[in-house]
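Scroll down for the structure; my scribbles are underneath it.
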Amino acid sequence: MEKSKRYQEGKDIIKKYEDPSGAPAYSITFDSLMDLDPELENYIVEFAFGDIYSREGLCDEKKTLITISSLVTQGLEPQLKLHVNIGLTIGLTPTEIVDAIIHLLPYTGFPRVLNALKVAKEVFVERNLKVRD
(Lines give C-alpha, C1' and ligand atoms only; values in the text may rest on other atoms or scores of the structure.)
Protein backbone atom coordinates (compact mmCIF):
# COMPACT_ATOMS: atom_id res chain seq x y z
CA MET A 1 0.00 0.00 0.00
CA GLU A 2 1.27 3.46 -0.92
CA LYS A 3 2.05 5.76 1.98
CA SER A 4 0.36 9.15 2.23
CA LYS A 5 1.99 12.54 1.68
CA ARG A 6 1.57 13.20 5.42
CA TYR A 7 3.48 9.97 6.13
CA GLN A 8 6.34 11.02 3.83
CA GLU A 9 6.48 14.48 5.44
CA GLY A 10 6.55 12.84 8.85
CA LYS A 11 9.36 10.49 7.84
CA ASP A 12 11.38 13.45 6.53
CA ILE A 13 11.05 15.18 9.89
CA ILE A 14 11.90 12.00 11.79
CA LYS A 15 15.07 11.70 9.71
CA LYS A 16 16.13 15.17 10.95
CA TYR A 17 15.61 13.98 14.51
CA GLU A 18 17.45 10.65 14.26
CA ASP A 19 19.89 10.04 17.04
CA PRO A 20 23.57 9.59 16.18
CA SER A 21 23.11 5.81 15.85
CA GLY A 22 20.58 6.36 13.05
CA ALA A 23 17.66 4.87 15.01
CA PRO A 24 14.28 6.41 14.14
CA ALA A 25 13.26 9.20 16.50
CA TYR A 26 10.20 7.36 17.76
CA SER A 27 11.87 3.98 18.27
CA ILE A 28 12.78 4.56 21.91
CA THR A 29 9.17 4.51 23.03
CA PHE A 30 7.13 2.83 20.31
CA ASP A 31 9.06 -0.01 18.63
CA SER A 32 7.90 -2.54 21.19
CA LEU A 33 4.25 -1.60 20.51
CA MET A 34 4.17 -1.71 16.70
CA ASP A 35 3.13 -5.36 16.59
CA LEU A 36 -0.11 -4.57 18.46
CA ASP A 37 -1.63 -2.61 15.58
CA PRO A 38 -0.21 -2.16 12.07
CA GLU A 39 -1.65 1.37 11.91
CA LEU A 40 0.16 2.63 15.03
CA GLU A 41 3.21 3.71 13.05
CA ASN A 42 1.00 5.63 10.62
CA TYR A 43 -0.71 7.47 13.47
CA ILE A 44 2.61 8.48 14.98
CA VAL A 45 4.36 9.40 11.74
CA GLU A 46 1.44 11.11 10.00
CA PHE A 47 -0.08 13.02 12.92
CA ALA A 48 2.71 13.75 15.39
CA PHE A 49 5.44 14.37 12.83
CA GLY A 50 3.65 14.95 9.49
CA ASP A 51 0.97 17.30 10.87
CA ILE A 52 2.28 18.78 14.12
CA TYR A 53 6.08 18.88 13.87
CA SER A 54 5.89 20.06 10.24
CA ARG A 55 4.04 23.24 11.20
CA GLU A 56 5.90 26.48 10.64
CA GLY A 57 6.14 29.24 13.21
CA LEU A 58 8.43 27.68 15.79
CA CYS A 59 11.97 26.48 15.22
CA ASP A 60 12.86 22.88 16.05
CA GLU A 61 14.64 23.94 19.24
CA LYS A 62 11.58 25.75 20.60
CA LYS A 63 9.26 22.89 19.65
CA THR A 64 11.51 20.46 21.48
CA LEU A 65 11.84 22.61 24.61
CA ILE A 66 8.04 22.91 24.72
CA THR A 67 7.73 19.14 24.33
CA ILE A 68 10.32 18.49 27.04
CA SER A 69 8.48 20.89 29.37
CA SER A 70 5.15 19.21 28.75
CA LEU A 71 6.58 15.74 29.34
CA VAL A 72 8.22 16.87 32.59
CA THR A 73 4.94 18.27 33.88
CA GLN A 74 3.18 15.00 33.08
CA GLY A 75 5.92 12.82 34.57
CA LEU A 76 6.42 10.87 31.34
CA GLU A 77 10.03 9.76 31.63
CA PRO A 78 10.25 7.27 28.70
CA GLN A 79 9.02 9.91 26.26
CA LEU A 80 11.18 12.54 27.96
CA LYS A 81 14.27 10.44 27.23
CA LEU A 82 13.32 10.42 23.55
CA HIS A 83 12.89 14.19 23.39
CA VAL A 84 16.04 14.99 25.37
CA ASN A 85 17.88 12.92 22.76
CA ILE A 86 16.10 14.77 19.96
CA GLY A 87 16.96 18.10 21.58
CA LEU A 88 20.64 17.24 21.65
CA THR A 89 20.53 15.98 18.08
CA ILE A 90 19.00 19.21 16.76
CA GLY A 91 21.45 21.43 18.61
CA LEU A 92 20.17 22.13 22.12
CA THR A 93 22.95 22.08 24.67
CA PRO A 94 22.78 20.02 27.85
CA THR A 95 22.79 23.30 29.80
CA GLU A 96 19.75 24.59 27.90
CA ILE A 97 17.87 21.35 28.57
CA VAL A 98 18.78 21.34 32.28
CA ASP A 99 17.90 25.02 32.67
CA ALA A 100 14.51 24.48 30.97
CA ILE A 101 13.74 21.59 33.32
CA ILE A 102 14.84 23.54 36.42
CA HIS A 103 12.69 26.47 35.27
CA LEU A 104 9.67 24.19 35.87
CA LEU A 105 10.32 23.84 39.63
CA PRO A 106 7.73 26.43 40.77
CA TYR A 107 5.13 25.14 38.31
CA THR A 108 5.61 21.38 38.51
CA GLY A 109 7.37 20.70 41.81
CA PHE A 110 10.53 19.02 42.99
CA PRO A 111 9.61 15.35 42.44
CA ARG A 112 8.86 15.69 38.73
CA VAL A 113 11.78 18.04 38.10
CA LEU A 114 14.22 15.77 39.96
CA ASN A 115 12.94 12.72 38.02
CA ALA A 116 13.33 14.64 34.77
CA LEU A 117 16.86 15.72 35.65
CA LYS A 118 17.72 12.08 36.33
CA VAL A 119 16.46 11.12 32.86
CA ALA A 120 18.36 13.99 31.24
CA LYS A 121 21.55 13.02 33.08
CA GLU A 122 21.20 9.41 31.87
CA VAL A 123 20.96 10.66 28.28
CA PHE A 124 23.97 12.93 28.74
CA VAL A 125 26.01 10.03 30.16
CA GLU A 126 24.93 7.76 27.27
CA ARG A 127 26.05 10.44 24.82
CA ASN A 128 29.23 11.26 26.79
CA LEU A 129 28.20 14.89 27.36
CA LYS A 130 28.80 17.22 30.29
CA VAL A 131 26.38 19.91 31.40
CA ARG A 132 28.89 22.33 32.80
CA ASP A 133 32.67 22.31 32.91
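Scanning region 55-79 for residues that are assigned to a helix (DSSP H, G or I), at pLDDT 95 or above and not charged (D, E, K, R) yields THR64, LEU65, ILE66, THR67, ILE68, SER69, SER70, LEU71, VAL72, THR73, GLN74. Evaluate the following for LEU58: is it at negative phi, buried (at least 16 other Cβ atoms within 10 Å of the Cβ) and not acidic (Asp, Glu)? Here the answer is no, as LEU58 does not meet what is asked.
Listed by first and then second residue, the pairs linking a residue in region 100-124 that is outside the structural domain of VAL84 (by TED's automatic domain parsing) to a residue that is of a type outside the set (Asp, Glu) and surrounded by fewer than 19 Cβ atoms within 10 Å (Cβ to Cβ), with Cβ atoms under 9 Å apart and 6 or more places separating them unless they lie on different chains, form an empty list. Residues in region 62-73 that are in contact (Cβ under 8 Å) with a residue 24 or more places away in the chain and more than 11 Å from the chain's Cα centre (by Cα) were compared, and the one that is nearest to VAL119 (Cα to Cα) is VAL72.
The values are calculated or read from the model by the stated rules, or taken from the named source; none is laboratory data. Being a predicted model, the structure only gives us computed values, none of them experimental. Positions of Cβ are generated from backbone atoms using ideal geometry, with glycine treated the same way; all protein chains shown enter the neighbour counts.
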